[in-house]
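Engineer: For reference, the structure I am asking about is given below.
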Amino acid sequence: MDSSQFRAAAKEAIDEIATYYETLPSRPVLSTVTPGYLRPLLPESPPEEGEPWEKIQADISRVIMPGLTHWNSPKFMAFFPCNSSFPAMLGEMYSGAFNAAAFNWICSPAITELETVMMDWVAQLLALPKEFLSHGEGGGIIQGTASEVTVTALVAARERIIRRKLIDMPEGEEKIDTAADIRGKLVALGSEHAHSSTQKAALVAGTRYRSVPAPKETNYAVTASALRQTIQECRARGHEPFYFTITLGSTGTCAIDDLNGIAALAATEPNLWIHVDAAYAGSALLLPEYQHLCPPLAAFDSFNFNLHKWLLVNFDCSAFFVKRRKDLIDTYSITPSYLRNPHSEAGLVTDYRDWQIPLGRRFRSLKVWFVLRSFGAQGLRTFVRRTVALGVFFADLIKRRPDVFGLVTEPAFGLVTFQIRNLGPLGAGARANRVVPVRDALTNGFEPDADAQYAELVNQKTREVYEAVNAKGEFFLTSTVVGGQYV
Ligand code: PLP
C-alpha cells in the first residue's frame, strides 16, 4: 500500500466506522456466534502473496462484525462502560502513524512532555491534591489498565519497605538474604470487594494477600477500624502489611472505602503504601458535587482511574498518579549503557521508562489532549453528570415496582444493583406468584429458615431473569454476588 492507496483506503475505513456508530443503537448488543466461529472463516495459513485492501476490508463485515460485542451501544449495560469518542479515535490514528516506543524523553520529546502536561490537566480537573501534580515531587503517567497500575504500585511498595528497612545495611550477600526474608513476610491488603487485580498483583509480586472485611453494615466499604484490625491480625501472625488498595467505587456496588478514617490511619503507618483504585468512579471527581472526596487523597501514596472507562478516551488509557515519583524511580530505574543519553544524564528530563514495568510505551496522551479540548471540562462534566442521573432515574423505576424488583444498593455513580423479587414464571402474562407461600410461612413463623429459603429463591429468580435478558442479545447486563445476594 503506497500513500495514495492509503489515502483512499483510510477515507473508506473512516466512512465505514462513522456508519457503524450511526447504526449502533439498532444493533443487538451481543453477538450470536458460537465458540470457534472464526477459524473456519479464515484460511489455514497466512497468504503467500499480499492481498488487495478491498478484499481485506470486506472481511470486517464477513469475519469480525458477527463476533463483536458492541461495547459502545446504548444497550450495553454490562461491567463498567468502556466509552469512546471520535476525537479519541483520531488521537489513536495519529498515535499509530507516529509509531514510537517512547521510553526515554529523547525517543520523542513531544510524547513525554504532552503526557506530563495532560496528567497535570487531568489532576486539576479531578481536583486531586496538589501533591499528585508534576510541579513538586509527584506526577502522573499513563498506563494501559488499572491492573497494570496496581502491579506497578504494589511492586514499588514492596521494594520501598525493603529499602527503608535495610537502609543502613551494606550491599552484599547478607543484605540480599535479609531482603528475601522480609519479602517472605510481606502481606498486601485490599477490601473483600476490591477488584481481583489487587490479589493478582500480590501474586505477581510474590507476596501474601489478605482481604479486609467490608460487610453490608458498612455498605460494603472498608472502615478504618476494619483495616486496623486486619493489620493487627497480620502482625500477630508475624506478617508485615506493606500495601493496601483503598477502593473509590468498588466493582460490585461502587462502594467507597472510608477515605477520611483511613487517611488518619495512614499517618500512623508510614510503611503502608496506600493506593487508591478509582478505576471507574474516579471520573466523577470532575464534578464539584463529588470533590469533597478529594482532600483525604493527599494522605495516600498513589491514585488511579481509567479515562477509558467513563471519560470518552477509548481503550487503553489509565491515569496513574503518585505523590513521590522517586518511589517509582528508585524501584524501576535500571540503566544499561544503551539507554544512556546526555539529556537523561543531566537529569533535566522525565524518562517514563523509570516509572513503569515495560520499557516501550504508546503515545496515549494525544487522545487525552484531543478529548479534553474537543469536549472541554464543561462538556465532560455534562456527560458524567448525565450518567449519574441515569442511574438515579433507573433506580426510581425499580422502586416504583416493589411487586417485581428490589433495589440492593442505592445508585452510585450510575451503578444500580437490583434483584427480582417476584418469583412467578418468566414471560408476559405470567401471573402465578410463588412467593406467597414462603411469605405466609415467614409471617406465621411455621418455617424456621423461611428467610434463607426466600433469599435463595430470589437469588435463583434473579439469575433466571439475568440469563434470559442476556440470552436474547438485545441488551447486555452483568450479574454479581454481593453479601450472598445474587444481583
Ligand atoms: N479496579 C476496579 C474498581 C475495577 O472495577 C476494574 C475493572 O472494572 C479494575 C480495577 C480493572 O480494570 P482494568 O481492566 O483497567 O485492569
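The values are calculated or read from the model by the stated rules, or taken from the named source; none is laboratory data. No experiment lies behind these values; they were computed from the predicted model shown. Cβ: placed from backbone, ideal geometry, glycine included. Neighbour counts: every protein chain shown.
Engineer: For the range 289-302, give me the residue count where each residue is touching a residue at least 40 places away in the same chain (Cβ under 8 Å) and over 19 Å from the mean Cα position of the chain (by Cα).
Structural biologist: 3
Engineer: Hey, which of the helices (runs of 4 or more DSSP H) in the range 1-120, taking only ones fully inside, have at least 3 residues that are small (G, A, S)?
Structural biologist: Of the helices (runs of 4 or more DSSP H) lying wholly inside the range 1-120, those with at least 3 residues that are small (G, A, S) span 3-23, 86-98.
Engineer: Tally time: how many residues in the range 122-142 are touching a Leu at 6+ places or on another chain (Cβ under 6 Å) and assigned to a helix (DSSP H, G or I)?
Structural biologist: 2
Engineer: Which residue is nearest to T387 (Cα to Cα), if the candidates are limited to the range 266-299 and must be surrounded by fewer than 19 Cβ atoms within 10 Å (Cβ to Cβ) and either within 13 Å of the ligand (Cβ to nearest atom) or among the small types (G, A, S) (or both)?
Structural biologist: Taking the candidates together, the pick is A298.
Engineer: Something else now. Out of (1) closer than 24 Å to T223 by Cβ; (2) assigned to a helix (DSSP H, G or I), the odd one out for A194 is which?
Structural biologist: Unmet for A194, out of (1) closer than 24 Å to T223 by Cβ; (2) assigned to a helix (DSSP H, G or I): (2).
Engineer: Another question, if that's okay. Between a residue in the range 303-323 that is near the ligand (Cβ under 8 Å from one of its atoms) and any residue that is modelled with pLDDT under 95 and of a type in the set (G, A, S), which pairs come within a Cβ distance under 9 Å, given they are 6 or more apart or on different chains?
Structural biologist: These pairs meet every condition: H308/S84.
Engineer: Name the helices (runs of 4 or more DSSP H) wholly inside the range 253-351 in which the number of residues that are touching a strand residue (DSSP E or B) at 6+ places or on another chain (Cβ under 7 Å) is 1 or more.
Structural biologist: The qualifying helices (runs of 4 or more DSSP H) are 259-266, 307-310, 325-332.
Engineer: Among the residues of the range 122-132, is any at pLDDT below 95, within 30 Å of G391 (Cβ to Cβ) and in contact with a Gly (Cβ under 9 Å, 6 or more places away or on another chain)?
Structural biologist: No, the range 122-132 contains no residue that is at pLDDT below 95, within 30 Å of G391 (Cβ to Cβ) and in contact with a Gly (Cβ under 9 Å, 6 or more places away or on another chain).
Engineer: Looking at the range 167-191, which of its residues are outside any helix (DSSP H, G or I) and among the acidic types (D, E)?
Structural biologist: Once the filter is applied, which keeps residues that are outside any helix (DSSP H, G or I) and among the acidic types (D, E), the range 167-191 yields D168, E171.
Engineer: Check I182, I176, I167 and return the single one that is touching a Leu at 6+ places or on another chain (Cβ under 9 Å) and not polar (S, T, N, Q).
Structural biologist: So the residue among I182, I176, I167 that is touching a Leu at 6+ places or on another chain (Cβ under 9 Å) and not polar (S, T, N, Q) is I182.
Engineer: Condition test on G238, is it away from the ligand (no atom under 15 Å from the Cβ) and touching a residue at least 24 places away in the same chain (Cβ under 8 Å)?
Structural biologist: In short, yes.
Engineer: Let me ask another. Identify, from the list T253, T247, the residue that is within 12 Å of the ligand (Cβ to nearest atom), more than 21 Å from F300 (Cβ to Cβ) and crowded, with 19+ Cβ neighbours inside 10 Å.
Structural biologist: From the options T253, T247, the qualifying one is T253.
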